[in-house]
């Protein structure tokens with residue numbers, strides 16, 4: 001991403017509706033995984049550390065590691081988490097084989113400098129047999145807007161292409177669904193009109209009432225997801241996959 005986008009993330013990820021909703025949804029998904037006691041968790045592409053800080057607070061008994069490509073973002077992450085954040089690329093992870101119980105990869109695989117299949121194969125390598133991968137990724141190439149330019153998007157995915165990527169990387173796909181669906185019509189309207197030419201990304205300070213409304217809608221949708229109620233469209237795709245036990 002452009003460096004100013006990391007500044008936006010650092011300043012807003014604990015208050016901006018999208019980050020709050022993504023962190024809450026990620027935690028809810030992790031809670032369904034029945035991880036072993038003291039599980040090792042890697043946030044691969046941890047950005048400025050908001051998700052790791054959120055997980056540390058909610059699940060302090062897990063052992064967390066963060067990996068981030070950009071040095072300044074890694075520094076911000078260290079400040080928020082007091083973890084030893086590793087500088088490195090998801091294309092070639094600096095970790096040994098069969099080490100982690102869970103790898104989380106939120107909004108990373110679609111970036112220009114990421115080789116998606118190489119990254120997924122690396123996630124598989126560093127996971128223990130039976131270990132799990134949780135990803136979130138932007139949906140639908142026709143939704144590309146100025147925001148994607150600012151965050152250096154290479155491509156956006158469909159549910160089908162996400163499943164194919166994970167299978168090609170050697171994973172068993174357990175779940176793969178669209179989300180951010182209730183707000184999707186507003187996203188389409190924005191991204192295909194004013195969002196095409198705006199000078200900054202979509203991450204910005206909103207009026208508190210609007211930010212809280214958007215967050216509440218996202219949390220309501222996550223409640224539907226907990227009941228296995230999903231929509232055939234959305235602004236993002238999320239997936240949970242498992243490394244085969246005999247790998």
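Laboratory data are not the source of any read-out in this text; all were calculated from the coordinates shown. Since this is a predicted model, take the numbers as computed values, not measurements. Positions of Cβ are backbone-derived with ideal geometry, glycine not excepted, and every protein chain shown enters the neighbour counts.
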Considering only DSSP beta bridges whose two residues both sit in the chain, what percent are antiparallel, to the nearest 5?
-> 50 percent
Compute the projected area of the convex hull of the Cα atoms of segment 133-245, averaged over all viewing directions, and report it in nm² to one decimal place.
-> 7.9 nm²
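Neighbour counts of other C-beta atoms within 10 Å: give me 162, 96, 176 arranged from fewest to most.
Arranged by neighbour count, lowest to highest, 162, 96, 176 become 96, 176, 162.
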Listed residues 83, 31, 166; largest mean-square fluctuation, Gaussian network over the chain with Cα springs below 10 Å, found at 31
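Want the number for residue 3 to residue 34: 0.36 nm per residue separation, take away the alpha-carbon distance, what's left?
Working: separation 31, 0.36 × 31 = 11.16 nm, distance 3.66 nm.
That works out to 7.5 nm of additional length.
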Longest principal axis of the chain (C-alpha) makes with the long axis of helix 159-168 (C-alpha) an angle, in degrees to the nearest 10, of 20 degrees
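Report the gain in length on full extension from residue 219 to residue 233: 0.36 nm times residue separation, minus Cα-Cα distance, nm rounded to one decimal.
Gain on stretching residue 219 to residue 233: 3.3 nm.
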Based on the Cβ-Cβ distance from residue 246 to residue 226, what FRET efficiency comes out when R0 is 41 Å, to the nearest 0.05?
-> 0.85
In nm, to one decimal, how far is the residue 193 label point from the residue 27 one, both placed 7 Å along Cα→Cβ?
-> 3.5 nm
At a Förster radius of 25 Å, what calculated FRET efficiency corresponds to the Cβ-Cβ distance of residue 63 and residue 115, to the nearest 0.05?
-> 0.35
What FRET efficiency do you get for residue 172 and residue 207 if R0 is 45 Å and r is their Cβ-Cβ distance, rounded to the nearest 0.05?
-> 0.55
Build a GNM of the chain with springs between Cα atoms under 10 Å: which of 18, 179, 142 gets the top mean-square fluctuation?
-> 142
What's the angle, to the nearest 10 degrees (0 to 90), between helix 208-226's Cα axis and the longest principal axis of the chain?
-> 50 degrees
